[in-house]
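Here's the structure we're looking at; comments come further down.
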Amino acid sequence: MQKTKISTLFFGILIFLAIDCSAQLLTPKYKFTRADTLRGMLTPLRTCYDINYYHLNVKFDIAHKFISGSNLFKFTATRNFNKLQFDLFANLKISRIVYKGKPLPYKRQYNAVFVTFPQSIKKGSKDEFTVYYSGNPTVAVNAPWDGGVVYSTDTLGKPFVATACQGIGASIWWPTKDHQADEVDSMLISISVPKGLKDVSNGRLRKVTKLNNGYTRFDWFVANPINNYDVAANIADYVHFGDVYHGEKGKLTTDFWVLPQNLEKAKIHFGEGVPPMLKAFEYWFGSYPFYEDGYKLVETPYLGMEHQSAVSYGNGYINGYKGTDRSGTGWGLKWDYIIVHESGHEWFGNNITSKDIADSWIHEGFTDYSESLYVESQYGKQAGQEYVHGLRTGIKNDLPIVAPYNVNQDGPQDMYNKGAVILNMVRTIINDDDKWRDILRGLNKTFYHQTVTYNQVVDYIADQSHIKLQPVFDQYLHYTTIPVLEFTTIKGQLYSRWIANADGFAMPVKIRAKGGEYKFISPATQFTPVGIEGITKYNIEVDTFNYYVGVLVD
């Protein structure tokens, strides 16, 4: 392969690197198994039914780290079928599957369960079955980065238990159609816990029932579509306080469930942190997507997770990310990272959900970017730009941001910081903040409570901006090399072109003669005149503060 040695202005520092000018799409050597395909592929055994409603009813025996219960599946047949797949981790035992009062035969393969019905279920018909199960679910060691149930105690020695399962899947603790492409329309979550403890789950609390076995059952109803990994059980000796936020759709209840020993500092911290976050995100993204279910922060024994309408919080009531600034600029120490980031997922991740977790950049890139918009709303645009620019220090460029499809493979770490930087760069390209805000709000309106694909999101941004941005997203999301803007002098005139991997790559970029005013040029992959009077290779400056690019001047 031919390689060209270039000098690149990168983070404002002149360095040298080798760019493979003939590089193809980088395909990492992932290793996948049959279990990964069963988990990640939308086979006919999964697409044959559309899940409408769950009633998850689970008892937590905390002393023995044991759960038992059932889940009712209500569905609509999308075609004629007599066999379907749902998912439950193999370490959890199925005692029976009941259909119309009779047991159904089933087979298990890895974490997939295949159920056969006694007759064909006709397209368009509505039907239901119930799965009864029990066992010791996987114990999460480092939640939320690994999945399962967190068993811990609070500072007073009382049980402090919570679930976390993004990526690995909700089927690690309950039977479900475990694929993001099909969100249940509504759900009843019934969690039974030992007397003296409370469960806080998604949605609104409908009923509390004292049982005869020394347990108390908490029934929570979710009125909006919800993805599987967002369904949560949080168990502790919680106390509650709340407020009402007057937002774009009217009155939004804000509820907070915390440990009693943290009540007073929670009232101050959440009171200061939540209203400005909601105001900023409703401004940029549109109304909070789940007014019917309310907004909650729930204290958990791990750092945080975007559980829909029940956001997990474990940042210790301090600013920053566990007291640090991920951007290194100082702006990230002025607000609580978990409140802002995890709540941002209510718009990107929960309202808009990727069909395949290979496109988790739709969740994490937009939500990481939301942090800079929050900073901008509080401290001005320059502060927000400095914050997102600071996130570049965490970019690795080691793997493409979009992971392989159909095998339940999440994106790499770069989907966070690099995703945010890309979106800020797209804002710069559009060069119209009102239009950019309309696009962000339009995404949440157009794909309200929907699951989406890569193309739906990228095409929407390109169509609304009237700029051909598909090759830009392709370059930054499917390749690890960043594009290089090359300048050369031909017959005394300055020319420019992009060196990039994506087909048809072209990207408007701001340049100037040193000390002058930035102007846009629109180079492609063939040399064209720069066309700015007085600019030469000796005085040219490229806006590398807002553009994540390399620069080569011959």
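Laid out as a table, the results:
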item	result
Accessible surface of the chain, 1.4 Å probe, proportion on carbon and sulfur as whole %	51 percent
Computed FRET value (nearest 0.05) for Tyr53 with Thr528, which takes r as the C-beta separation and R₀ as 51 Å	0.30
Calculated P(r) of the chain - Cα pairs past 40 Å, %	30 percent
Shape call, region 167-268: gyration tensor on alpha carbons, a/c limit 1.5	oblate
Region 238-340 - Kirkwood radius from inverse mean 1/r over Cα pairs (Å)	14.0 Å
Residue-count net charge about Asp503 - beta-carbon cut-off 14 Å; Lys, Arg +1, Asp, Glu -1	0
Candidate residues Thr33, Thr488: accessible-area rank, largest first, probe 1.4 Å	Thr33, Thr488
Glu346 accessible area, 1.4 Å probe, all protein chains in place, Å² to nearest 10	0 Å²
Computed accessible area, Ser186, all protein chains, 1.4 angstrom probe, square angstrom	20 Å²
Computed [θ] at 222 nm, deg cm²/dmol, the chain (DSSP H ≥ 4; -39,500 (n - 2.57); rounded to nearest 500)	-7000 deg cm²/dmol
Relative contact order %, region 138-294, counting alpha carbon pairs below 8 Å whose residues are six or more apart	19 percent
Prolate/oblate/rounded label for region 322-414 (Cα gyration tensor, a/c 1.5)	prolate
Alpha-carbon centroids, region 494-554 and region 149-198: separation in whole Å	51 Å
Region 91-141: trypsin sites (Lys or Arg not before Pro) falling in loop per DSSP and having at most 11 other Cβ within 10 Å	Lys100, Lys122
Solvent exposure ordering (accessible area, 1.4 Å, most first) of Leu156, Leu42	Leu156, Leu42
Full-extension gain in nm, Lys210 to Lys65, via 0.36 nm per residue minus C-alpha separation	50.1 nm
Local net charge near Lys267, Cβ-Cβ under 13 Å (Lys/Arg +1, Asp/Glu -1)	-4
Length gained when the stretch Thr37-Asp463 is fully extended (0.36 nm per residue, less Cα-Cα span)	150.0 nm
Estimated vicinal HN-Hα couplings, Hz - region 38-53 in sequence order (Karplus 6.51, -1.76, 1.60; Gly, Pro = x)	4, 7, x, 8, 8, 7, x, 6, 10, 6, 5, 9, 9, 6, 9, 7
Relative contact order (percent, whole number), region 231-378, Cα cutoff 8 Å, 6+ residue spacing	19 percent
Long-range HN-HN contacts of Lys198 with modeled amide H, under 5 Å	Ala236, Asp237, Tyr238
For the chain, accessible area per residue (1.4 Å probe, heavy atoms of protein chains only), Å²	40 Å²
Taking the chain and dividing mean pair separation by its residue count, relative contact order in percent (alpha carbons under 8 Å, at least six apart)	12 percent
Summed residue charge, Cβ within 15 Å of Leu391's Cβ, Lys/Arg positive, Asp/Glu negative	-2
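The values are calculated or read from the model by the stated rules, or taken from the named source; none is laboratory data. This structure is a prediction, so every number in the text was calculated from the model and none was measured. All Cβ positions, even for glycine, are placed from backbone atoms using ideal geometry, and neighbour counts span all protein chains on display. Note: areas computed on protein heavy atoms with side chains; ligands, DNA, RNA excluded. Shrake-Rupley method; radii C 1.70, N 1.55, O 1.52, S 1.80 Å.
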